[in-house]
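What follows is calculated from the coordinates using simple rules that are stated; it is not laboratory data. What you are looking at is a predicted structure, and each value in this text was computed from that prediction instead of being measured. Using ideal geometry, Cβ is built from the backbone for each residue, glycine included, and neighbour counts are taken over all protein chains shown.
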Amino acid sequence: MIKDPYKTLGVSKDATDEEIKKAYRALAKKYHPDLNPNKKEAELKFKDVSLAYKLIENKEAREKYAKGMYEEPFADTTARGGPFYSEFQDGGGRYTYNFEGNPEDLFKSFFSGFKGGGTGGMDVPGQDHLYKMEIDLKDAVTGIEQEIVLSNGKRLKVKIPAGISSNEKLRFKNQGEPGIGKGKTGDAYVEILIRPSDVFKISGNNLEIELPLTLDEAVNGAKIKVPTIEGSVNVTIPPGVNAGTRLRIKGKGMPLGKGQGRGDQIVIVHIVLPEKIDNKFRDFIKSWSGTHSYNPREI
Amino acid sequence: MLYKTTYEITEIIELYHVQEVFIYDCIEKEWVTPVDTQKRSFDMEDITRILLIRDLKEEFGVNDEAVPIILHLIDQLHWSQAQIKHYIEILEK
């Protein structure tokens, strides 16, 4: 149920476009979630206010509203809902890491009454910083070195080891926020995120790939070029291979770590019928099935 | 809601109805620095910052001179909150 936009904005029904806009701007400034971080009530009020403005912002909109000519859920498509900047600032973000504030000054401002000086003799470690880095699956398998720019402008070489898992964090000591007093500098953590591959799926230490085959290839066998993370290899498809069969290419999976080699690549067979099935094929299958019945649904 | 780690400019234009020229203007004025400057891809922090700047300019009538000042104040607020949260966690240990 949409609230009365005139009441929401605090304007009369004969208010002009200018008056409505002025009322909206005043309320939007007051309740914008980024100017009121962590206040759910402000976010809800902001949504009401921006929706109300959309409903009566000009003469045409007011006429439509008066005639009830708007469709639910009007609110969901029109009000300035999220996302908001403050949602991504919990614990600090890149732009706040860049902010050149002095943690010691902030700390002192809260603890200035302590004996022993501004920090009360307290040694507080600096905040850790978290960065995120996206890499391709290939780079996760083979390892790669990339550079990131820290919040202090320093360039950091990030050596990503072969076989890294998604969401794994690499730690760089003393690259975070300075500490207070004798507190040590925080660390920088780089969280590695592996972009999903269109072709390969990670399954434990193995990589999986789906391989479509023709009827002829499945029945009579074939030599097929199959992609691996480092390039294609020839794979022998044995005759009579069934759908769902899992063939194994040894040593083409994820690294096992500590020089223990690699997992395997699993090739999962699909059998694909021709796009167009003619009557000849249809009749042959019917005839052949008549003397070679089998039921794949029987366990 | 689940978000991707990074987005291209074309995706931002489609998802959030932001004009391309506006995005490039924010980059040129150094109000926004894409998380990947080489590939020109943006994370959600960049995108929401762009949306905030749009709100400031188009909804609140803030001029270009005032935008970086307001962003600076907002970043200072978040920085202070993050530091205080960190100190409270340390002191509670």
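At a glance:
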quantity: Shielding by partners - mean other protein chain Cβ count within 10 Å, residues of B:68-78; calculated: 5
quantity: Along chain A, longest interval not containing exposed trypsin sites (Lys or Arg not before Pro), exposed being DSSP loop plus at most 13 other Cβ atoms within 10 Å; calculated: A:183-249
quantity: Label-point gap, in nm, between A:GLU41 and B:GLU14 - each point 7 angstrom along Cα→Cβ; calculated: 4.1
quantity: Pairs of Cα atoms farther than 17 Å apart, the stretch A:209-299, %; calculated: 61
quantity: With at most 12 neighbouring Cβ atoms within 10 Å, loop GluC sites (Glu not before Pro) (DSSP) excluded, longest segment of chain A; calculated: A:101-229
quantity: Placed amide H near A:LEU130: partners under 5 Å, 5+ positions off or other chain; calculated: A:TYR189
quantity: In chain B, lysine pairs with alpha-carbon atoms under 21 angstrom apart (chain gap of 8 or more, or interchain); calculated: 4
quantity: Proximal lysines to A:LYS250, defined as alpha-carbon separation beneath 27 angstrom and excluding residues fewer than eight positions away on the same chain; calculated: A:LYS138, A:LYS159, A:LYS201, A:LYS223, A:LYS225, A:LYS258
quantity: Two-site label geometry, A:ASP283 and B:LYS4: point separation in nm, points 7 Å out along Cα→Cβ; calculated: 5.1
quantity: Electrostatic dipole magnitude of chain B [Cβ: Lys, Arg +1; Asp, Glu -1; Cα centre; debye, to 20]; calculated: 300
quantity: Principal-axis tilt of helix A:40-56 within chain A, Cα atoms, nearest 10 degrees; calculated: 90
quantity: Assigned charges on the beta-carbon of Lys, Arg, Asp, Glu; chain A dipole about Cα centre (debye); calculated: 420
quantity: Proximal lysines to A:LYS45, defined as alpha-carbon separation beneath 16 angstrom and excluding residues fewer than eight positions away on the same chain; calculated: A:LYS3, A:LYS7, A:LYS29, A:LYS30, A:LYS54
quantity: Residue exposure sequence - A:HIS32, B:HIS72 - by fewest surrounding Cβ within 10 Å; calculated: B:HIS72, A:HIS32
quantity: Per residue convex hull volume, Cα atoms of chain A, in Å³; calculated: 297
quantity: Shape category assigned to chain B from the gyration tensor of Cα positions, a/c cut at 1.5; calculated: oblate
quantity: Sites A:HIS292 and A:LYS225, calculated FRET efficiency, Cβ-Cβ separation with R0 22 Å, nearest 0.05; calculated: 0.10
quantity: Radius 15 Å from Cβ of A:PHE172, net charge of other residues (Lys, Arg +1; Asp, Glu -1); calculated: +2
quantity: Listed residues A:THR16, A:HIS32, A:LEU193: farthest to the positive end of the dipole of chain A (Cβ charges); calculated: A:LEU193
